[in-house]
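Read through the structure below, which is laid out as structure tokens, and then see the notes.
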Amino acid sequence: SPSVRIAPSILSADFARLGEEVRAIDEAGCDWVHVDVMDGHFVPNITIGPMVVKALRPHTTKPMDVHLMISPVDTYLDAFAAAGADILTVHPEAGPHIHRTVQHIKSLGKQAGVVLNPGTPAKMLDYLIDDVDLVLVMSVNPGFGGQSFITNQLRKIEAIRKMIDKSGRDIRLQVDGGIDFETAPQAIAAGADVLVAGTATFKGGPSAYADNIRRLRGG
Ligand code: DX5
Ligand code: ZN
């Protein structure tokens with residue numbers, strides 16, 4: 001569907017050629033570039049920080065969608081904003097005051113996202129939905145690419161789609177983890193409008209990216 005946005009996770013890119021990889025997914029028609037930031041503390045893996053976001057910024061004109069899996073998170077928001085992130089998405093478990101963290105992101109002039117782990121209920125959003133620009137539903141436990149989609153998260157996506165529609169606000173509903181050609185249509189049917197895909201985008205190398213992105217979109 002043309003209204004579905006595809007956000008490739010560069011976690012599955014060739015890290016030795018990251019700039020070229022970002023250019024390749026941009027040219028292949030991705031909508032956003034999803035950057036997974038992991039600290040080896042909040043999640044059991046370590047990836048990249050603001051310096052890499054800054055280095056990649058000139059390689060794409062697409063929004064940089066930065067998924068922060070770091071704790072504490074508040075102390076790093078300014079650095080990621082300055083590095084050129086457009087969307088900053090945070091886990092409520094990664095700091096003491098999620099509402100304050102969302103306001104901080106907005107004060108930086110960036111779009112604010114809140115992300116729910118597979119075990120975190122939709123109810124967490126009750127007093128945040130009026131302030132966020134994006135809700136991210138994790139369909140795997142965060143930390144690694146290439147995991148299997150947790151099917152019961154479809155119910156959560158459906159519930160959040162209702163909350164968003166009821167709010168009347170312009171809020172993206174994003175899904176991240178185990179998205180492939182089989183699970184993408186399920187997530188879209190449940191109400192998601194942004195799909196993160198690492199493995200499924202980068203599979204087959206640069207010559208396959210455009211086709212992978214088109215198929216994930218369902219077109
Ligand atoms: C997991 C990350 C995801 C992940 C997706 O912690 O947030 O973005 O890289 O990878 P795939 O699409 O391979 O499941
Ligand atoms: Zn992610």
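Going by the conditions given, is Gly145 part of a loop (DSSP other than H, G, I, E, B) and within 12 Å of ligand 2 (Cβ to nearest atom)? Working first, answer last.
Numbers: part of a loop (DSSP other than H, G, I, E, B): yes; within 12 Å of ligand 2 (Cβ to nearest atom): yes.
Yes; evaluated as a whole, the condition is true for this residue.
Would you be able to say whether some residue in region 129-138 is surrounded by fewer than 18 Cβ atoms within 10 Å (Cβ to Cβ) and in contact with a strand residue (DSSP E or B) (Cβ under 9 Å, 6 or more places away or on another chain)?
Here is the first cut: in region 129-138, the residues surrounded by fewer than 18 Cβ atoms within 10 Å (Cβ to Cβ) are 130-131.
Adding the requirement that they be in contact with a strand residue (DSSP E or B) (Cβ under 9 Å, 6 or more places away or on another chain) leaves 131.
Yes: region 129-138 contains one or more residues that are surrounded by fewer than 18 Cβ atoms within 10 Å (Cβ to Cβ) and in contact with a strand residue (DSSP E or B) (Cβ under 9 Å, 6 or more places away or on another chain).
Evaluate region 202-209: report whether one residue or more is within 12 Å of ligand 1 (Cβ to nearest atom) and either basic (Lys, Arg) or more than 13 Å from Ser1 (Cβ to Cβ) (or both). Full working, then the answer.
Looking only at region 202-209, we keep the residues that are within 12 Å of ligand 1 (Cβ to nearest atom), and these are 202-203.
Narrowing further to those that are either basic (Lys, Arg) or more than 13 Å from Ser1 (Cβ to Cβ) (or both): 202-203.
There is at least one residue in region 202-209 that is within 12 Å of ligand 1 (Cβ to nearest atom) and either basic (Lys, Arg) or more than 13 Å from Ser1 (Cβ to Cβ) (or both).
Quick one: Thr151 ticks every box in (1) at positive phi; (2) within 16 Å of ligand 1 (Cβ to nearest atom) bar one, so which box is it?
(1)
Taking only region 152-175 into account, find how many residues are of a type in the set (S, T, N, Q) and in a helix (DSSP H, G or I).
Start the filter on region 152-175 by keeping residues that are of a type in the set (S, T, N, Q), which leaves 152-153, 167, 174.
Checking the rest, the ones that are also in a helix (DSSP H, G or I) come to 153, 167.
Counting residues in region 152-175 that are of a type in the set (S, T, N, Q) and in a helix (DSSP H, G or I) gives 2.
Do any strands (runs of 3 or more DSSP E) entirely within region 1-93 hold 2 or more residues that are under 22 Å from Ile105 (Cα atoms) and either away from ligand 1 (no atom under 14 Å from the Cβ) or without any contact (Cβ under 8 Å) to a residue 60 or more places away in the chain (or both), and if so, which? Reasoning before the result, please.
Working: elements: 5-8, 33-38, 64-69, 87-90.
Correct list: 33-38, 64-69, 87-90.
Does region 52-68 include one or more residues that are over 24 Å from Ala13 (Cα atoms), crowded, with 16+ Cβ neighbours inside 10 Å and modelled with pLDDT of 95 or more?
For region 52-68, residues over 24 Å from Ala13 (Cα atoms), crowded, with 16+ Cβ neighbours inside 10 Å and modelled with pLDDT of 95 or more: absent.
Taking the criterion of being buried (at least 20 other Cβ atoms within 10 Å of the Cβ) and away from ligand 1 (no atom under 16 Å from the Cβ), would at least one residue in region 119-127 satisfy it?
yes
Out of the residues in region 174-192 that are surrounded by fewer than 20 Cβ atoms within 10 Å (Cβ to Cβ) and under 21 Å from Leu11 (Cα atoms), which is nearest to ligand 2 (Cβ to nearest atom)?
Of everything passing the filter in region 174-192, Asp180 is nearest to ligand 2 (Cβ to nearest atom).
Any idea how many residues of region 1-10 are crowded, with 22+ Cβ neighbours inside 10 Å and more than 15 Å from Gln174 (Cβ to Cβ)?
The first filter runs over region 1-10 and keeps only residues crowded, with 22+ Cβ neighbours inside 10 Å, leaving 6-10.
Still in the list and also more than 15 Å from Gln174 (Cβ to Cβ): 10.
Summing the residues that are crowded, with 22+ Cβ neighbours inside 10 Å and more than 15 Å from Gln174 (Cβ to Cβ) in region 1-10 gives 1.
Being touching a Lys or Arg at 6+ places or on another chain (Cβ under 8 Å) and among the hydrophobic types (A, V, I, L, M, F, W, C) narrows it down to one of Ile25, Ile6, so name that one.
Working: Ile25 fails: touching a Lys or Arg at 6+ places or on another chain (Cβ under 8 Å).
From the options Ile25, Ile6, the qualifying one is Ile6.
Only residues that are at negative phi and either β-branched (Val, Ile, Thr) or not in a helix (DSSP H, G or I) (or both): list them for region 94-112, please. Show your work before the answer.
First, pick out the residues of region 94-112 that are at negative phi: 94-108, 110-112.
Answer for region 94-112, where residues must be at negative phi and either β-branched (Val, Ile, Thr) or not in a helix (DSSP H, G or I) (or both): Gly95, Pro96, His97, Ile98, Thr101, Val102, Ile105, Leu108, Lys110, Gln111, Ala112.
Which numbered condition trips up Val115, out of (1) of a type in the set (A, V, I, L, M); (2) in a strand (DSSP E or B); (3) farther than 17 Å from Leu68 by Cβ; (4) touching a Ser or Thr at 6+ places or on another chain (Cβ under 6 Å)?
With (1) of a type in the set (A, V, I, L, M); (2) in a strand (DSSP E or B); (3) farther than 17 Å from Leu68 by Cβ; (4) touching a Ser or Thr at 6+ places or on another chain (Cβ under 6 Å) applied to Val115, the lone miss is (3).
Can we say Ala159 is modelled with pLDDT of 95 or more, more than 11 Å from ligand 1 (Cβ to nearest atom), on the phi < 0 side of the Ramachandran plot and not hydroxyl-bearing (Ser, Thr, Tyr)?
Working: modelled with pLDDT of 95 or more: yes; more than 11 Å from ligand 1 (Cβ to nearest atom): yes; on the phi < 0 side of the Ramachandran plot: yes; not hydroxyl-bearing (Ser, Thr, Tyr): yes.
Here the answer is yes, as Ala159 does meet what is asked.
Mind checking which pairs have a first residue in region 191-208 that is among the hydroxyl-bearing types (Ser, Thr, Tyr) and a second that is part of a loop (DSSP other than H, G, I, E, B) and near ligand 1 (Cβ under 8 Å from one of its atoms), Cβ under 7 Å, 6 or more apart or different chains?
Thr199/Gly145; Thr199/Gly146
The values are calculated or read from the model by the stated rules, or taken from the named source; none is laboratory data. All of these numbers come straight from a predicted model, not from anything done at the bench. Quick reminder, even Gly has a Cβ in these numbers, built from the backbone with ideal geometry, and neighbours come from all protein chains shown.
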